[in-house]
Amino acid sequence: MECPKGARNGPCGGSTSEHCYVDETRPCVWYKIYERAYKMGRQEKLLEVLPPLDWDKVGGETWGDVVHQVRKVGTGKFVSGLLSRDPVKRTFVWDAVFRPVRQPEWWQGMMNITRPSTLSQPLSLRNGLKREALWSRLKLLLR
């Protein structure tokens, strides 16, 4: 799924849970992303700021980058890590491969983030924030 406006770090502001701001015949991609992250318990990943698009790669696949990272980590280590029953090991191996693809070395955007004072405290996602409250905070954070 792809946002018609190319929004990479959250909803555009005009969308609702029912439809996209640009194309009202389809649902908001970001709302669907949020729902899936909530179901998987991975809401904290939504706070990760992604780099600007590399226009040389737009329209292509990033699987070449993923294969390169798997080779760098080691194919055997990657496969055994994903098949491990230890969730910490699985997460570590997964991040070792996919984090450099999502956050390339040239991107320093994560280092320069200043959160609004209302969100200076870490969001307590595990303490039962309601879905709509988190959605509102994410929209505020990503403006």
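What follows draws every value from the coordinates through simple rules; no lab data is involved. Note that the structure is predicted; figures quoted are calculated from it, not measured. Quick reminder, even Gly has a Cβ in these numbers, built from the backbone with ideal geometry, and neighbours come from all protein chains shown.
Some points to look at:
- Paramagnetic label zone (point 7 Å from Cα along Cα-to-C-beta, residue 48; backbone N under 12 Å) in the stretch 79-94: 91-94
- Candidate aspartates and glutamates - alpha carbon under 20 Å from residue 57, same-chain residues fewer than 8 apart omitted: 2, 65, 105
- Among the listed pairs 5/39; 45/72; 5/89, those with a Cα-Cα distance over 29 Å are 5/89.
- Sorting 54-67, 9-22 by average packing, meaning the other beta carbons within 10 Å per residue, from highest down gives 9-22, 54-67.
- Extension gain (nm, one decimal) between residue 35 and residue 67, 0.36 nm per residue minus Cα-Cα: 8.7 nm
- For the stretch 9-39 versus the stretch 72-94, the gap between their alpha-carbon centres in whole angstrom: 32
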